[in-house]
Amino acid sequence: MLERAVLLAALVVVAAGCSKKQEVAPLPVPGETASGGAKLAYEHHLRITLPEAEIPARMAAVRKACESAQFGACNVLRIEQGENSAMLTLRVVPSGVEPLTGMASKDGTVAWRQTRAEDLADAVNDNEQKLQQLEAYSAQMEQLAQRKDLATSDLIALGHERAQIQVQRESLQNTAAQQQRRLDTNLLQLDFADKSRGHRLGVSLGEWMDQLYDGIRDALSMLAYGIPFLLLAFPLALGWRWIWRRVTRKSRLREAPP
């Protein structure tokens, strides 16, 4: 039974991986913008195979296009270069995703791509509520500061509290600005690999890691779904075992010679 379960799980993972490969959309890769008031932060991840000699120049061209805002506001977040591969991570306005990915993959092969979105609605609302509460508290402190009968110690405590409010306000405002930046732009990660070996090593390994992550996540979801049934089945199994032992015990006593 254990071998069958392991084989079934392996088949499920392989099937999931195959289905995801079929879902890979061709280029060009369009930028994404949330609609209907949704607060979604989009990310794109591409693995591009090129001849090894072309990788440095191609990455330099994409980087230059980003830094010069050739296709709109863009910032380089991360650069990595290895012997046969390179990686460039950008944050760019949605309209710049398609031309940048087209430039990066020109005369190359997009071995794998993924677009995903993170819902920031709860985080944005929570930050806005904290800011509103802080502003209401700040207004109360300002009213207290207008009083003429405050002792020196009270004035010192009030000044300290107002300073703390300002620090918290700046922190919340900075968080709000970062959230809005994620909503207004797309994160774009471009992985370049040598065409002669990238498919067998870098790309396949990357796909395997992504499939492993998804498989673990799905397995945990299935486990969480099945736990209530296990909790129900365990006492039932104990009860059935107790009844079975009593029945077999009485049967043995009746069959025993006097």
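The residues in region 141-168 that are open to solvent by 90 Å² or more (accessible area, probe 1.4 Å) and touching a residue at least 24 places away in the same chain (Cβ under 8 Å) can be counted, and the count is 2.
Checking each residue in region 178-224 for being modelled with pLDDT of 65 or more, touching a strand residue (DSSP E or B) at 6+ places or on another chain (Cβ under 6 Å) and outside any helix (DSSP H, G or I) picks out T185, N186, L187, L188, Q189, L190, D191, F192, A193, K195.
Going through S138, S171 one at a time, which residue ends up being over 33 Å from the mean Cα position of the chain (by Cα) and either closer than 30 Å to A34 by Cα or surrounded by 14 or more Cβ atoms within 10 Å (Cβ to Cβ) (or both)? Let's see the steps before the verdict.
Numbers: S171 fails: over 33 Å from the mean Cα position of the chain (by Cα).
S138 is the lone residue from the list that is over 33 Å from the mean Cα position of the chain (by Cα) and either closer than 30 Å to A34 by Cα or surrounded by 14 or more Cβ atoms within 10 Å (Cβ to Cβ) (or both).
Screening region 53-126 for strands (runs of 3 or more DSSP E) wholly inside it with 2 or more residues that are open to solvent by less than 40 Å² (accessible area, probe 1.4 Å) and not hydrophobic (A, V, I, L, M, F, W, C) returns the ranges 85-92.
The values are calculated or read from the model by the stated rules, or taken from the named source; none is laboratory data. Since the model is a prediction, treat every value here as computed from it, not as a measurement. When we count neighbours, we look across all protein chains shown, and the Cβ atoms used for this are built from the backbone with ideal geometry, even at glycine. To get the accessible areas, we keep the full protein, side chains included, count just its heavy atoms, and leave off ligands, DNA and RNA. Shrake-Rupley method; radii C 1.70, N 1.55, O 1.52, S 1.80 Å.
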